[in-house]
Amino acid sequence: MTKKYIAIIYEGEKTERQLVDNLNKVFFKDISELVPIMFPAGENIYMLWKQLKDDEFETDLIEVIREYNSDAEKALHGFHRNDFMEIYLFFDYDGHQNNLGCIGNDSLDVLSEMLQTFSEETELGKLYINYPMVESLRDNKMPEEETCYRRCTVNLNEIKNYKRTVSDMYIYQDFRKLDRRHWNELCINAVCKANCIIHNTYRIPSRKAFIESMGQNRLYQKQKEKYISAGKIAVINSFPLFLLEYFKKDFWDEIFFQTESLYSDRKILHGTQTL
């Protein structure tokens, strides 16, 4: 059987690579292979999007990235666009703020447009945003904690200190050591947080509601409407959301049917905690 490859494009270095390697080990090793492709230092998602837009989106995304620097070329050695059944892009919101600053007051609308452009993994690719950055995966409550989330929001002017802020979150600190139990916890927290951002209630939604009304574009629009406009960002990591969207109903049921017995006496299933 021909091996299936999935391109994972990201800004960053060590942290994101460890996370992609872990996902390969825990979830994908028997079905396909995630191919990590680091976006060159000093470049960003806006530059990539703008080049594609200037070419009227007729340029091959993989070839554009291959041309950026030697690291990308090495990662893509032997690969062409047709070798990848899907493309996913993961970028940090703090990077967007810094990198989009050069284009003026319309930067937020540009990000919205980019999410519309990168909306289909089998075509140009699907974009996921981590708020404020990939390290938000560490910023999660433990199952026994009564609070709805470890940290609800971060002020935009404090994002530069966020990595240091989450450095004491030991349970999820080493991305190389995350196992299936950890990922289940992270999926539960992420989907409840997404529901809170979008629908104002920290609880597990139905899978239908999650798929139909809680995508990346809607999540960003609510971030912009409720938090960014007030100088804050709601903390949420999109790698667990990616897993919940990528895998089908059986994956969802395995996580959340077990959760119902674990959290049957908690507000996580029936409560109205809001941000």
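The values are calculated or read from the model by the stated rules, or taken from the named source; none is laboratory data. This is a predicted model, so every value here is computed, not measured. Counting neighbours? That spans all protein chains shown, and the Cβs are built from the backbone with ideal geometry, glycine included. When the accessible area is computed, the model is the full protein with side chains, heavy atoms only, and any ligands, DNA or RNA have been set aside. Shrake-Rupley method; radii C 1.70, N 1.55, O 1.52, S 1.80 Å.
In table form, for the structure just shown:
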read-out: First in the range 79-91 and over 16 Å from Glu33 (Cβ atoms) and open to solvent by less than 30 Å² (accessible area, probe 1.4 Å), second anywhere and part of a strand (DSSP E or B) and not acidic (Asp, Glu), Cβ under 6 Å, 6 or more apart; value: Leu89/Ile9; Leu89/Gly125; Leu89/Leu127; Phe90/Tyr10; Phe90/Tyr128
read-out: Flag for Ala209 being in a helix (DSSP H, G or I), among the small types (Gly, Ala, Ser) and either open to solvent by less than 30 Å² (accessible area, probe 1.4 Å) or in contact with a Ser or Thr (Cβ under 8 Å, 6 or more places away or on another chain) (or both); value: no
read-out: Ile129 vs. criteria touching a His at 6+ places or on another chain (Cβ under 8 Å) and modelled with pLDDT of 85 or more; value: yes
read-out: All positions within the range 163-178 that are in a helix (DSSP H, G or I) and surrounded by 15 or more Cβ atoms within 10 Å (Cβ to Cβ); value: Lys163, Thr165, Tyr172, Phe175
read-out: Subset of the range 224-248 that is in a helix (DSSP H, G or I) and over 14 Å from the mean Cα position of the chain (by Cα) - its residue that is surrounded by the most Cβ atoms within 10 Å (Cβ to Cβ); value: Tyr227
read-out: Residue within the range 184-200 that is outside any helix (DSSP H, G or I) and over 16 Å from the mean Cα position of the chain (by Cα) present; value: yes
read-out: Some residue of the range 50-70 being within 15 Å of the chain's Cα centre (by Cα) and surrounded by 15 or more Cβ atoms within 10 Å (Cβ to Cβ); value: no
read-out: Enumeration of residues in the range 3-16 that are of a type outside the set (Phe, Trp, Tyr), under 23 Å from Ser119 (Cα atoms) and either open to solvent by 10 Å² or more (accessible area, probe 1.4 Å) or without any contact (Cβ under 8 Å) to a residue 12 or more places away in the chain (or both); value: Lys4, Glu11, Gly12, Glu16
read-out: Pairs where the first residue, in the range 137-159, is closer than 19 Å to Gln173 by Cβ and at pLDDT below 90 and the second is open to solvent by 50 Å² or more (accessible area, probe 1.4 Å) and part of a helix (DSSP H, G or I), C-beta under 9 Å, 6+ apart; value: Asn140/Ile171; Met142/Ile171; Pro143/Leu262; Arg151/Thr165
read-out: Residue that is least open to solvent (accessible area, probe 1.4 Å), among those in the range 17-43 that are more than 27 Å from Phe251 (Cβ to Cβ) and assigned to a loop (DSSP other than H, G, I, E, B); value: Pro40
read-out: Ala234 being in contact with a strand residue (DSSP E or B) (Cβ under 8 Å, 6 or more places away or on another chain), farther than 20 Å from Asp109 by Cβ, among the small types (Gly, Ala, Ser) and in contact (Cβ under 8 Å) with a residue 12 or more places away in the chain; value: no
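Table: residues versus (1) crowded, with 18+ Cβ neighbours inside 10 Å; (2) over 26 Å from Phe256 (Cβ atoms).
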{"site": "Met114", "(1), (2)": "yes, yes"}
{"site": "Thr122", "(1), (2)": "no, yes"}
{"site": "Asn130", "(1), (2)": "yes, no"}
{"site": "Arg138", "(1), (2)": "yes, no"}
{"site": "Ile197", "(1), (2)": "yes, no"}
